[in-house]
Structure formats: C-alpha cells, structure tokens
C-alpha cells in the first residue's frame, strides 16, 4: 500500500535536481514529495510528517539551516532524519550543519547511487533509536521521547550534537570508543569532519553535564567511555 511507503520530502529549488532526486527515490520504492521554499516545506511537515527530509542549504526565502533549526526545536518534529544537500564543501559549513542538527550532508553534484546508499544507511541507523525508554547513569537521565536531559531531576540545556553523543554513550555504558568509532556510530562513517571535532563535542557535553561531567571518561590514547565507576 502506498500509505506504508517511506515518505521523503525534498526541499530544493533547482528543477533539474528535484527531477533527478524524485526519479531516484521513486526507483528505490519511496514516496517523493518536492517543495522549493522553506515556507512550503514547513506547511507540508505540519500536514504530514515525512520519514526523512532532503534539505537544500540555499533556498529562495531563507537558508535550509534556519528551517533545520526550526524543525529541531519542535518537539513533534525533532526526530525526523535530515540530510543537507549542499554545494558547499567548506569544513565550517559542514560542522555548522551538524551542530544545527543535520544527520548527514551530501555535496552537489552527487550520484543517485550515493544518495540512496546514504539514505538507506541513515534510515537503518535511525530505526533502532526508536526505543522510547528512559536512559540513566548516575544523576543524569535522558528521555528519548521529549529529547531532553535531566540532571538531579532538573532539565539542562544541551546541544543537538552533544545530545546524540550522550544518548550513544548511555546506550553503551562501560565501553571505550575511539574518536573514529564515535564519528562512525554517532554521525555516520562518511561524515567528513575531523576527529578533533569529537573532542570539542565531548568538552561541550562535559560542560553541559556540570557536576556529572566525570561520567564521561577519557581513556588515554584510546578514546572515551561513559562509566559510573
């Protein structure tokens, strides 16, 4: 049944790219819907929650990054997987996209095969995370339903990238992960960001956790782990 098909929303204003991506997604057996402004995308999402959004960086009415920020700050929508489509190959732009909450990005021009492979990998990676039970370590509790983190039963402010990192650590306590493993498991193995960026997110995570920062241990010359010991 068509209703059971995976629904993908394409937010892109270049007709040739919309045509290519739509054709590619339909060939993969997915339902593809296309809009060409951030405003139209927001209206679509209010009516029907897609399984994934392909979001262009530059749109006629506002940047894709601003729309992404709006999606991530909405409790009902913040879990939608988003891949940024970008002509930019600058490292800072990629980090800005990931910091705002993009799950992945793909630089134009891209091949249809690469796009579908990335999308399938992201849908696979997202599906186990539909677990809705509370995750706890020491004084820290993460609620996957509201995407919030509590410290001593008080809600704390935490960035999207740090939230994903904490969630991964909580799902795998007492296990050491190298920086490259964390890049792979938390952001996907094809995300081309420096391993030192992991250190930045770990620092930010510790800062957010305040007096519980010692939960995140540095294992010298190996990587990081979450441990209550």
message: Please verify whether residue 78 is farther than 27 Å from residue 145 by Cβ and either modelled with pLDDT under 95 or surrounded by fewer than 20 Cβ atoms within 10 Å (Cβ to Cβ) (or both), treating the condition exactly as stated.
response: no
- prompt: What helices (runs of 4 or more DSSP H) lie completely within segment 28-130 and have 2 or more residues being farther than 20 Å from residue 160 by Cα, outside the structural domain of residue 171 (by TED's automatic domain parsing) and in contact with a strand residue (DSSP E or B) (Cβ under 9 Å, 6 or more places away or on another chain)?
  reply: 38-47, 112-126
query: Can we say residue 210 is exposed (fewer than 15 other Cβ atoms within 10 Å of the Cβ), at pLDDT 85 or above and in a helix (DSSP H, G or I)?
result: yes
- prompt: Which of the residues belonging to segment 204-229 are in contact with a strand residue (DSSP E or B) (Cβ under 9 Å, 6 or more places away or on another chain) and free of Cβ contacts under 8 Å to residues at least 24 places away in the same chain?
  reply: 206, 217, 218
- request: Just name the residue that is surrounded by the fewest Cβ atoms within 10 Å (Cβ to Cβ) out of those in segment 10-30 that are under 20 Å from residue 62 (Cα atoms) and in contact with a helix residue (DSSP H, G or I) (Cβ under 6 Å, 6 or more places away or on another chain).
  value: 10
message: What pairs come out if I take residues in segment 78-90 that are more than 15 Å from residue 12 (Cβ to Cβ) and pair them with residues that are modelled with pLDDT under 80 whose C-beta lies under 7 Å away, six or more apart or interchain?
response: 81/126
- prompt: Which one of 186, 149, 202, 145 is surrounded by 14 or more Cβ atoms within 10 Å (Cβ to Cβ) and under 24 Å from residue 124 (Cα atoms)?
  reply: 186
- request: Answer yes if at least one residue in segment 105-117 is surrounded by 15 or more Cβ atoms within 10 Å (Cβ to Cβ) and under 12 Å from the mean Cα position of the chain (by Cα), and no otherwise.
  value: yes
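The values are calculated or read from the model by the stated rules, or taken from the named source; none is laboratory data. Treat the numbers as computed from the prediction; the structure is a model and nothing was measured. Ideal geometry is used to build each Cβ from the backbone, glycine not excepted, and the neighbour counts take in all protein chains shown.
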